[in-house]
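For reference, the structure discussed in these notes is given below.
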Amino acid sequence: MPFHNTLFVSLVSTILLGYTNIWYNIDIRGLRCENDNSPDFPSEVSENSANTVIVLEAGASGFDNPNIANLSGPSIQALPLTSVDWNYTSIPQKYAANQTIQMTRGHVLGGSSAVNGAVFVRPNAIDIDLWETAFGATGWNWQTVSASIKKAEHFSATDNVTSYLSFHGTSGPICDSQRTPGVIWSEGVIPSVLASGGQTSIDQNGGNPSGIWYTPKAMFPNSTRSYSANSYYLPNAGRSNLEVILDVTVSRILWGKSKNGKAVATGVEYINTITGKTSTVSGDRIILSAGVFGTPQVLELSGVGNPKIMNPLGISTVVNLPAVGENLAEQPTTKYVATLASGYTNAGLQLTLNYESPRTLLTPLEWLEAWELLQVAPPNLSAASHAALIAMYLADSVIVEFMGFPNPADLIFLPILLHPMSRGSSHIVSANATHAPSFDLALLESPFDVYILKKAAIRARRFASQSYMKPFLAGEVSPGTAVQTDAQFEAFVKSAVGVAYHPLGTASFGSVVDSTLRVMGTTNVFVVDGSIIPTEPGSHPSSIIYGIGEQAATMLNARPLSSDV
């Protein structure tokens, strides 16, 4: 979700699409990737001087915020509930002990790329291929999206760490590289995973991420964040045809005379959040990159969505599109926490992710039990999404990630369910654009989700119980030694569920946008962000969203404006 509550008016440029971050006590205009051979001006829509690109950003620039640049765990943890966070809060989660979930989303230039963990990794190939085969997104498959990711990426290999350069791009704007973990990981975590029946991976970015590996982060050689605002935008900020307007909230899309029964946008209305002044700007194409919560909000404020939601708020229906705001997916998490033994601490930049497929995570009997639960779709899961989840399960696509979070005094194994069945929604509750939407993640509504996350929590304890870990751990904190039975683990998962901060799906392929990223029922409104992704991929989504941005820019560059309006 590149920029939340931002619109690109006229032609969108990928300079602002993706997950990224900023500098730390250094002028980032001078930062370059290692062995840099990237072009000064990456391929973008604003590259064509005939196009005028106007970006409306809800937040400030964030360039003076050192916590954005610093990728260490404590620094990232300082970002939620600050001015660079939208501070969204869910409604009580009925199936997760009625918890409310704080959902951090970037309210700053660069959007959530400025506040995420900067993990740069791909899922199983089938996860992307299903966009085309199950959801009708022609041209969107593993081959095309992975090529677009490579176009965005400038990977630098790390000495003494294996990787396949063929899996990576080496001349894109986003710098990424690995950092070799310390002794806790090399002598404790990795051997423990292998002793528990896990496996190693040489590189998780080639279409099969199974196993444990030193995972890249999007960062410059000085270990500060590389992201859309400093890696795409700043090198091109001087372009005369590109304008970025900060601290403005889009209130609605403006509509003109319809064409061939479809709505034609003529511009947008926006509010300066500092002065309160309302302004308008015209454009031939409107590109929404407002994120999983912001994109459906702008559409509904503009009369595109479910009339039953919009009309009672005084918003007339322009396009009857009930799928807007539906299909909200999020990867639920639980946690295993143990205190580190005296003399040991976690460094902030090390990252070793362990991805496991159903047949690695589960015994044959457990696989069958999970299979039976997978057959029962929760209420808001579409038939296409259900079929896709079944296909991923049968293909043994990775289903759980174990993330070793770098908390200084603790070892945290964070099990993340990658392919949840549960689906929620996000909708406006007011015609006032400054009012936050109301959203329900529907966490753990599906018994399948509970089952897999429970088994992952049990497996995380198994990792920590291996003899390799004994020198490094002082004692278990969570779930606690009193939790022993399956029922107790299930109760723990429901009471301690968290999220990976990877919400997706509210303007999905096949139900809200077509394969050209055009909003159905319109001629010239497009969506370019994570809301178009129909199912959660078996990975962190940031590299995929960069790929979406690159592929979208290529598509829009190739389309004359006359084809839309």
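Structural remarks
- P(r) tail fraction, the stretch 387-485 - alpha-carbon pairs more than 18 Å apart, %: 63
- Averaged over residues, the count of other Cβ atoms within 10 Å places the peptides 411-421, 365-375 in the sequence 411-421, 365-375, highest first.
- When both the stretch 82-146 and the stretch 449-469 are represented by their alpha-carbon centers, they are found 25 Å apart.
- Cα-only Debye scattering, the stretch 441-565: base-10 log of I(q)/I(0) at q = 0.17, 0.20 Å⁻¹: -0.93, -1.12
- Estimated FRET transfer efficiency (N222, S166; beta-carbon r; R0 25 Å; 0.05): 0.40
- Across the stretch 177-242, the relative contact order, built from alpha-carbon pairs under 8 Å that are at least six residues apart, equals 27 percent.
- Normalised by residue number, the volume inside the convex hull of the Cα atoms of the chain is 134 Å³ per residue.
- Charge tally for L517 (other residues, Cβ to Cβ under 11 Å; Lys, Arg +1; Asp, Glu -1): +1.
- Once the mean of 1/r is taken over each pair of separate Cα atoms and inverted, the stretch 232-353 shows a Kirkwood hydrodynamic radius of 18.5 Å.
- Working from Cα pairs under 8 Å separated by at least six residues, relative contact order for the stretch 232-284 is 28 percent.
- Relative contact order for the chain: 23 percent, from Cα pairs under 8 Å spaced at least 6 residues apart, divided by residue count.
- Sequence ranges 394-404, 258-268, 182-192, ranked by mean other-Cβ count within 10 angstrom, highest first: 394-404, 182-192, 258-268
- Cross-linked pairs K150/K217; K217/K454; K151/K217: Cα-Cα separations exceed 24 Å for K217/K454.
- Applying 0.36 nm per residue to the separation of E369 and D159 and subtracting their alpha-carbon distance, the gain on full extension is 71.2 nm.
- Peptides 327-339, 479-491, ordered by how many other C-beta atoms sit within 10 Å of their residues on average, highest first, read 327-339, 479-491.
- For the stretch 32-176: rounded, prolate or oblate by the Cα gyration tensor [a/c cutoff 1.5]: rounded
- Evaluated at q = 0.13 Å⁻¹: base-10 log I(q)/I(0), Debye formula over Cα of the stretch 314-362: -0.69
- A cut-off under 14 angstrom between Cβ atoms defines the neighbours of L301, and their net charge, with Lys, Arg +1 and Asp, Glu -1, is -1.
- Near P378: Cβ cut-off under 13 Å, other residues only, Lys/Arg at +1 and Asp/Glu at -1. The net charge is -2.
Readers should treat all values here as calculations from the given coordinates under stated rules, not as data from a laboratory. The structure presented is a predicted model; accordingly, all values stated were derived computationally and were not measured. Neighbour counts run over all protein chains shown; Cβ positions are idealised from the backbone, glycine included.
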